[in-house]
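> Okay, handing you the structure first.
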Amino acid sequence: MADTNGNKNGFAVHVRNVTKTFGTGEAQVVALKGVDFDARMGELLMIVGPSGCGKTTLLSVIAGTLVFEAGEIDVFDSPLHRLKNREVTEFRKRNVGFIFQQFNLIPTLSILENVSVPLLINGVGRVKAEKKAREVLERMGLAGRENDRPTLLSGGQQQRVAIARALVHDPRLVICDEPTSALDKDTGAKIMELLRDVARHPDRCVIVVTHDNRVFKYADRMTEMEDGRVHKVHENYSQYEQKGNH
Amino acid sequence: MYRLALKMLLGDRAKYIMLVGGLTFASLLMTQQCAVFFGLLSWTTSHMRNMRASIWVVDPKVEQINEIKAMRDTDVNRVRSVTGVAYAVPLYAGVIQARIADGSFKPVQLIGLDSATLVGRPPVVLSGRLEDLRLPHTVMVDELAIERLSLRGGRKIGIGDTFEINDREARIIGICKTDRHFFGYPYVFTTYDEAMQFAPKTRKMLSMVLAEPVKGWTAAQTARQIENETHLKAFTEDEFNKSTIKWFFKNTGIPASFGTTIILGFIVGIVVSGQTFYSFVLENLRNLGALKAMGASNWLLARMLMLQALTVGFIGYGIGVGLTVLFGFAVLKTGQPPFLLPYQLPLFTLVVIIFICMFAALLGIRKIYKLEAAVVFRG
Ligand SMILES: Nc1ncnc2c1ncn2[C@@H]1O[C@H](COP(=O)(O)OP(=O)(O)O)[C@@H](O)[C@H]1O
Ligand SMILES: [Mg+2]
């Protein structure tokens, strides 16, 4: 399968035998014990599994925010295992959009400013960045709130601001860690619908880490982790359900 | 991003005010105390500006201008005969009690000038003629003397009025402007001969000899020549200034006490702003981590922190130095306490404040460099 947007294997993300250890000696925790994993263009891939199994750690190494000891990670054309620190930063700046459980919006900046941050980091001028940010906010149904502080918004609205921020610079990889955990069921569902729409794009791959089984049904594919390893890959949600999971 | 960095800083009102306040305090304390110190130092050498001469010849034990060790009258002639001396004149300087109209005594700085040349004359005569000093029993006084020798609440004395020095009448023939002296005594100028009458009699009356070099000789050359030939001590203006200031540094607690205050200002500045800025960075660590995750380089974040630190630095510096200048204007009106603000001083404070800010920023920058972007994923 030749995909011009993906790497040479046709995957957006291709992880082979990656290990990651925290701490040393007695306090040592092996969070990733040789993980193999991949994600494709145009899909919403979910990483699920019990708390502490290494989901966030896997997401962090894929996003290039965490160094790992062994294994190989190719994201698009970038071999993260071979890049220098500076190059990884450059890679994140261009290619990755982040959505966090705690939203992580900067409270002293307006919504518009928060959303324009990735563009500013990419060296886009302020006027242009804010124009683009305004467009994306409008798509997220947040027109008119541009000058408000994030804290004035509800949790669901804040997460939509975060999604706008994650998309504003058109990244090919969107990374979400527990995006619905801080939200109620209905709001969470709306956020997941938004994320699924975001993934419906041939140039984009959305990876969502969650242990919130109410939102599993939005997955195109599911990767189940257990104790630092990928345990199973389900080609769709019904396959996961049929295997007796709920 | 720089604009947003400033907004992030301003958004934290409490810390922002704390930072500006600390840096204002530091720059005010450092600039103002230095200015008062310089002012005080300049007062120790006021004699040099109120009685001007190229070469000051004194007793060999004298180290500074405010210290008088009487010399023999014949020393004037000895100096005159030295090669390289164009002329040399006697000078009397002593603190003497003056008695005013109500019978009370006030100390004054009596200066006796060579009556032929009037060398050592005050720099600015405000009214009257200095030459009138050649009339008997006359004096020229400075503005401070007018204030001190007038009756409290009464009419200000002026030209033609008299007061007593050592039971002898002294008539004011003019008023001059002087630089205030460290000891704070008003200046009373008269002729050397008259001063001999005013001053209590002692075996030796000559305080100093003022000399000028001949054409072709520098003051320093002539001074060395005088020392060689007479074994008296001869200072050029510059040497006497330096020697006097050095003496005050060595023999008084003044530099140490000012130094302590100035260092205190520096320490308060560095501790308050370092501490506050560091906690600002710590509280923003999550935001900074998010920026880092989104691809902001360490260097970009470092520049943002430096901008934030320098911004509060410049604002605090501006307010601090502004207040110092206001203080200076207030002081110049009253003449007390001393105050001297050479342009190098605010520059020096600026450098120190920038140093403090960079230090504060550096504490934060270290934290940023060690920060793993993945922290933003942690709860
Ligand atoms: N920074 C860290 N330092 C030490 N141990 C860590 C760190 N981050 C994660 N871990 C450990 O690694 C394991 C996997 O954590 P994580 O990836 O956060 O799991 P999940 O996201 O699936 O809940 C856990 O045992 C956790 O305690
Ligand atoms: Mg997690």
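> Of the options A:125, A:137, A:153, report the single residue whose Cα projects farthest towards the positive end of the charge dipole of the stretch A:123-246 (beta-carbon charges: Lys, Arg +1; Asp, Glu -1).
A:125
> Ok, one more. What list do you get for B:46, A:51, B:297 if you sort them by fewest beta carbons within 10 Å?
By the 10 Å Cβ count, ascending, the order reads A:51, B:297, B:46.
> Next question. Fewest first, what order do B:378, B:152 take by the number of other Cβ atoms within 10 Å?
Result, fewest neighbours first: B:152, B:378.
> Going by how many other beta carbons lie within 10 Å of each one, how would you line up B:185, B:343, fewest first?
Least crowded to most crowded, the residues run B:343, B:185.
> Next question, about the same structure. Quick query: amide H of residue A:178 versus all other amide H atoms, modeled in the peptide plane; which residues come in under 5 Å with a sequence gap of 5 or more or a different chain?
For residue A:178, the qualifying residues are A:209, A:210.
> Given the options A:236, A:205, A:168, identify the residue whose Cα lies farthest towards the positive end of the charge dipole of the stretch A:155-246 (+1 on Cβ of Lys, Arg; -1 on Cβ of Asp, Glu).
After comparing all options, I get A:168.
> Charges at C-beta only: +1 for Lys and Arg, -1 for Asp and Glu. How large is the resulting dipole of chain B about its Cα centre, in Debye rounded to 20?
1420 debye
> With unit charges on the beta carbon (Lys/Arg positive, Asp/Glu negative), name the residue among A:182, B:53, B:220 whose Cα is farthest towards the positive pole of the charge dipole of the protein assembly as shown.
So the residue furthest toward the plus end is B:53.
> Shifting gears a bit: Kindly express, to the nearest 10 degrees and within the range 0 to 90, the angle between helix A:111-121's C-alpha long axis and the longest C-alpha principal axis of chain A.
60 degrees
> Which percent, to the nearest 5, of DSSP beta bridges fully inside the protein assembly as shown are antiparallel?
Taking every DSSP beta bridge within the protein assembly as shown, about 65 percent pair in antiparallel fashion.
> Moving to a separate point now. Quick one: angle between helix A:85-95 and the longest Cα principal axis of chain A, in degrees between 0 and 90, rounded to 10, please.
60 degrees
> Can you say what percent of the DSSP beta bridges in the stretch A:3-242, counting only those with both residues inside, are antiparallel? Round to 5.
The antiparallel fraction comes to roughly 55 percent.
> Could you calculate the FRET efficiency of residue A:170 with residue B:283 from 1/(1 + (r/R0)^6), where r is the beta carbon distance between them and R0 is 35 Å, rounded to 0.05?
Step by step, r from the Cβ atoms, then E = 0.65.
> Something else now. Might you report the magnitude of the Cβ-based charge dipole of the protein assembly as shown about its Cα centre, with Lys and Arg at +1 and Asp and Glu at -1, to the nearest 20 debye?
Around 280 debye, computed over the protein assembly as shown.
> Let me ask you something else. Report the label-to-label distance for residue A:217 and residue B:105 in nanometres (one decimal), using points 7 Å from each Cα along the Cα→Cβ vector.
According to this spin-label approximation, the distance is 10.9 nm.
> So which DSSP H runs in chain B come out at 27 Å plus along the axis (Cα) with average Kyte-Doolittle of at least 0.0?
B:13-44, B:254-283, B:298-334, B:344-370
> Follow-up. Treat every Asp and Glu Cβ in the stretch A:3-242 as -1 and every Lys and Arg Cβ as +1, leave all other atoms uncharged, and give the resulting dipole magnitude about the Cα centre to the nearest 20 debye.
640 debye
Every read-out reported here was derived from the displayed coordinates using simple, explicitly stated rules and does not represent laboratory data. Note that this is a predicted model, so its numbers are computed, not measured. A quick note on method: Cβ atoms are made from the backbone with ideal geometry, for glycine too, and the neighbour counts reach across all protein chains shown.
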